[in-house]
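A short write-up of the structure that comes next.
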Amino acid sequence: MNPANPAPTLDSLPNEIFVQILSDFSTRALLPVTSVNHRFHALVLRILHFRLLLNTPLKEYKLLLECFHPSSKLTEPHVFCKYLGTDGLTERHDGTGSLYENVDIAHKLGRVTGLYSRFRPVASDDEEEEQRDTNNSGFGFSSGGRDGKEKDAVIREITLDGYEDFSQLCVVANIVQVKPGTSLLLSASTIEDGFIRLWRDWLRNQSEGKNMTPENEWEEDPDKPRAPSDDDILWVDMNKTVGLKMRVRPKAWDPSFPVLVHQDDRNNDSWVGYEVILQGESLLLWRGSGVDLVELHIRSTRLLLAVEQSKEEQKMHQTNAMVIGAAPISLS
């Protein structure tokens, strides 16, 4: 080996070559590469950062949310969700104002995995009409909260008997591709499938105004990013991958409504109505507490993995597709 012309090493290669090579790797395959050295850690971090920028808005996909009481699994419609943003994620990768400002190298990857993307469920016109009919048939509770201001509210009805301490909602979050101009799903990938419990005491405390966003602040800008806390969010899983941000409001009992309940049995603790809104999703609770489900929070890296999984499944489906046709006819 000529000392004047040493053999090239990995460290002598420019970053552009590594980025071009590593960009073909999936996110799951990239993560172990971060432990090679600081240089590979920084390169993988940059690739993940820009993948999140491109994929979290779900431009090629839609986020489909199923939120239902177990008894209404077969009848409750799903809703699509509008992307609101990913707090902390900007095009600035380093320097002042970036996500990694004043963060040690070893902790930068943790900042990425701690990002959450926010979505707002939006009801279709047909579902809004169905919900209005359901509300008009009510359970003896007069409307509370922001009447007429949540035109895209998605309503769910839940019963909570006096001896029950909680009710629960099943939550399924999927990313799907919809055929343009139709409601036909071309592909679907599940992000999370679980449930949340709405405890009576928690609902009561929330309805009394504890840990709630001020009403005037909400009305001024419902899409404004706000720092989530465990008091506001009910997590679907132990890893806090998917959560529903909530606000609680009571619904007043309508004494003129004919319900076969003895007056002595209708006390303040059991016979109370509440409203649960998921930034457009209103749930009427009988003998529960009132909750505004403000937003759907999904860990951004989990969202990225789901998008990549969906794309990989589509490639496999196209590769394995069989083309059936007539054999070519010989003219000889």
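Which ones in the range 48-83 are more than 25 Å from VAL112 (Cβ to Cβ), in contact with a helix residue (DSSP H, G or I) (Cβ under 9 Å, 6 or more places away or on another chain) and surrounded by fewer than 16 Cβ atoms within 10 Å (Cβ to Cβ)?
PRO77, the sole residue that qualifies.
Under the condition of being exposed (fewer than 15 other Cβ atoms within 10 Å of the Cβ) and in contact (Cβ under 8 Å) with a residue 40 or more places away in the chain, which residue from the range 86-113 is farthest from ARG302 (Cα to Cα)?
So the residue we want is ILE105.
If ASP24 meets every condition in (1) surrounded by 11 or more Cβ atoms within 10 Å (Cβ to Cβ); (2) closer than 27 Å to VAL176 by Cα; (3) of a type outside the set (Val, Ile, Thr) apart from one, which number is that one?
Answer for ASP24: the failing condition is (1).
Has the range 58-75 got any residue that is touching a residue at least 60 places away in the same chain (Cβ under 8 Å) and over 30 Å from CYS170 (Cα atoms)?
no
Would it be correct to say that THR75 is assigned to a loop (DSSP other than H, G, I, E, B) and closer than 30 Å to ASP11 by Cβ? Give the steps one after another, and end with the answer.
Numbers: assigned to a loop (DSSP other than H, G, I, E, B): yes; closer than 30 Å to ASP11 by Cβ: no.
Considered against the rule, which asks whether it is assigned to a loop (DSSP other than H, G, I, E, B) and closer than 30 Å to ASP11 by Cβ, THR75 comes out as no.
Filtering the range 11-25 down to residues that are of a type outside the set (Asp, Glu) and closer than 18 Å to GLU308 by Cβ, which residue is farthest from the chain's Cα centre (by Cα)? First the steps, then the outcome.
From the range 11-25, those of a type outside the set (Asp, Glu) are 12-15, 17-23, 25; that's our starting set.
Now drop any that are not closer than 18 Å to GLU308 by Cβ, which leaves 19, 21-23, 25.
On the way: VAL19: 30, ILE21: 32, LEU22: 29, SER23: 27, PHE25: 26 Å.
My answer is ILE21.
Please work out which one of (1) in contact with a helix residue (DSSP H, G or I) (Cβ under 8 Å, 6 or more places away or on another chain); (2) at pLDDT 80 or above is the condition ARG146 fails and give its number.
(2)
The values are calculated or read from the model by the stated rules, or taken from the named source; none is laboratory data. These numbers were taken from a predicted model, which means no experiment stands behind them. So basically every Cβ, Gly included, is an ideal-geometry build from the backbone, and we count neighbours across all protein chains shown.
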